[in-house]
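**Student:** One structure, as structure tokens, below. Some questions next.
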Amino acid sequence: MKTIFIKDIIEAKYGSNIEIFGWIKSKRVLGGIAFLDIVDSTGEIEINLKKEILGSKLFLQASKITEESAVKISGILENNKRKNKKQISAHKFEIINEAKLKITPLPRSDFDIFSPSLTDHILTNKHLFLRNPKIISIIKLKSILFEIIRDYFRSQKFVEVNTPIITQSTLYEDDATFSVDYFGVKTYLSQCAGLYLGAAVPALEKVYTITPAFRAQPSRSPRHNPEFYHAKAQIAFCDLDEIMKFTENMIYYCGINFIKLGEEELKNLNIDLNITKIKPPYPKITYTEALKILKKRGVLLKWGKSLNEMSEKIIGEEFKKPVFITGMPRKVEPFPYALDPKNSKITMTADLLAPDGYGEILGVAEFIYNFNEILERFGETDKHKQNERFKWYIDLMQYGNVPHSGFGLGIERLLRWFIKLPHVRDAFAFPRLYHRFPYP
């Protein structure tokens, strides 16, 4: 097993005997000397291979080696005074696996990974382009963000609950997700873990999950993917105002620690995250007020309709910080969410829109805990025709259920906003898109 990485080698003393495993990023051959730039997951270092030391046969192999070939090299760590950096003078050279495929641009070369002219090419060959330094930074930053979110929940004494991916209990319409044959029974890939977290609230009070979610939406929007990761949480004895405050504090915590832990990768992507845009409190407007803003900008949206991408972008431009839109219409919010006791046409919900045109990144809601109210809202949907699929959730309303609130955060949407990605697909190592066959 490899135990020493390039980062460790760079920190070693000059003159140390070095054994390095890595990949060829680039090469140059000048007479009897070959210069190889070797990379691994931690860094890059130059290797000097001399014909007089390696011998003619090995030197010929080294001079003809293709980029992205995997190699093992042994040598002496030296200081290149002219370049003011460390290098290795090799005395052994071994090809582990030669790269024989021809792909351009070379994955580790300096090019614009977000260029529209390369989008299809990169998506088709994502398994190879994962080696690109900027894509590597995005993957690392996503890993860091997962870690930060979990750390925040742990600091607030939450318990992580694993919820099912295969379910009969869809939150939205059945045709808005993907069906699965489960031993002869039609089931679905989970759209949302909220119902299952609701069952865990009376047991654990503060619960969360980070889980894949699936939406079969025929959308090419830069903020939609059929498969994504949801960070969901619910808190007992918590109302809408309290859950909004909780989420804005969480976003701020994520931002501060993202800058700290992701400093190197943010620098590689040339991203300067403005923490003042993330600092709470966040402004709050009602859904009706949002429609008035849109009207002033020449966009007429009928009351009761969901805000589309363009509407969210316009509203986001009105504020320098994320903004909560409260009081979402009853017609557009699913049955588990409570109605406003002062106005039954709206729900006790809110969406958080990121500024700079990145749109909705999370939604918060108070959940129904009353038996009669859940039956009323349940009856508004087609789900009442298949009551047996949801009986277990309705049982909760008659078994000591309590007021509770929760939220759902699209992790890739948050990452997209933080690092200014053109499309949410760029936040995935292997994105699944509406208009593309799931390959690779």
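**Student:** When the accessible area of the chain is computed with all protein chains present and a 1.4 Å probe, what percentage of it is carbon and sulfur?
**Tutor:** 53 percent
**Student:** Over segment 286-353, what is the mean sequence separation of C-alpha contacts under 8 Å (at least six apart), divided by residue count, expressed as relative contact order in percent?
**Tutor:** Computed value for segment 286-353: 31 percent relative contact order.
**Student:** Do you know the relative contact order of segment 1-158, to the nearest whole percent, from alpha carbon pairs under 8 angstrom that are 6+ apart?
**Tutor:** Values: 235 pairs, mean separation 28.6, N = 158.
That works out to 18 percent.
**Student:** Step through the table entries K7/K140; K295/K420; K25/K142; K126/K260; K284/K313; K305/K331, compare each Cα-Cα distance with 18 Å, and write down the pairs that go over it.
**Tutor:** Violating the 18 Å Cα-Cα cut-off are K295/K420; K25/K142; K126/K260.
**Student:** Which one is right for this structure if volume of the Cα convex hull per residue in Å³ is calculated from it: [x] 170; [y] 143; [z] 183?
**Tutor:** Among [x] 170; [y] 143; [z] 183, the one derived from this structure is [z].
**Student:** What is the Å³ per residue value for the convex hull set by the Cα atoms of segment 387-427?
**Tutor:** Once divided by residue count, the hull of segment 387-427 is 109 Å³.
**Student:** Let me ask you something else. Pairs of Cα atoms under 8 Å, at least six residues apart: use those to get the relative contact order of the chain, whole percent.
**Tutor:** Worked out over the chain, it gives 13 percent.
**Student:** In Å, the Kirkwood hydrodynamic radius of segment 325-440 over pairs of distinct alpha carbons?
**Tutor:** 16.6 Å
**Student:** Right, here's the next one. Once the convex hull of the alpha carbons of segment 146-256 is built, what does its volume come to per residue, in cubic angstrom? Let's see the in-between values first.
**Tutor:** Details: hull volume 14.0 nm³, N = 111.
Measuring per residue, one finds 126 Å³ for the Cα hull of segment 146-256.
**Student:** Semi-axes of segment 211-290's equivalent ellipsoid from the Cα gyration tensor, sqrt of 5 times each eigenvalue, largest first, rounded to whole Å?
**Tutor:** Working: eigenvalues 119, 97, 48 Å².
Equivalent-ellipsoid dimensions as semi-axes: 24, 22, 15 Å.
**Student:** Tell me which of T286, N270, W303 sits at the most positive position along the dipole axis of segment 241-333, charges placed on C-beta atoms (Lys, Arg +1; Asp, Glu -1).
**Tutor:** W303
**Student:** Given H placed on each backbone N at 1.01 Å, which residues far from V159 in sequence or on other chains put an amide H within less than 5 Å of it?
**Tutor:** Excluding prolines and chain starts, which carry no amide H, the hits are K206, V207, Y208.
**Student:** Taking a quarter of the surface of the convex hull around the Cα atoms of segment 74-193, what do you get in nm²? Before the final figure, lay out the partial values.
**Tutor:** Working: hull surface 62.4 nm².
If I average the Cα hull's projected area over directions, I get 15.6 nm².
The values are calculated or read from the model by the stated rules, or taken from the named source; none is laboratory data. What you see is a predicted model; the values in this text were computed from it and never measured. So basically every Cβ, Gly included, is an ideal-geometry build from the backbone, and we count neighbours across all protein chains shown. Side chains are part of the model used for accessible areas, which takes the heavy atoms of the whole protein and leaves out ligands, DNA and RNA. Shrake-Rupley method; radii C 1.70, N 1.55, O 1.52, S 1.80 Å.
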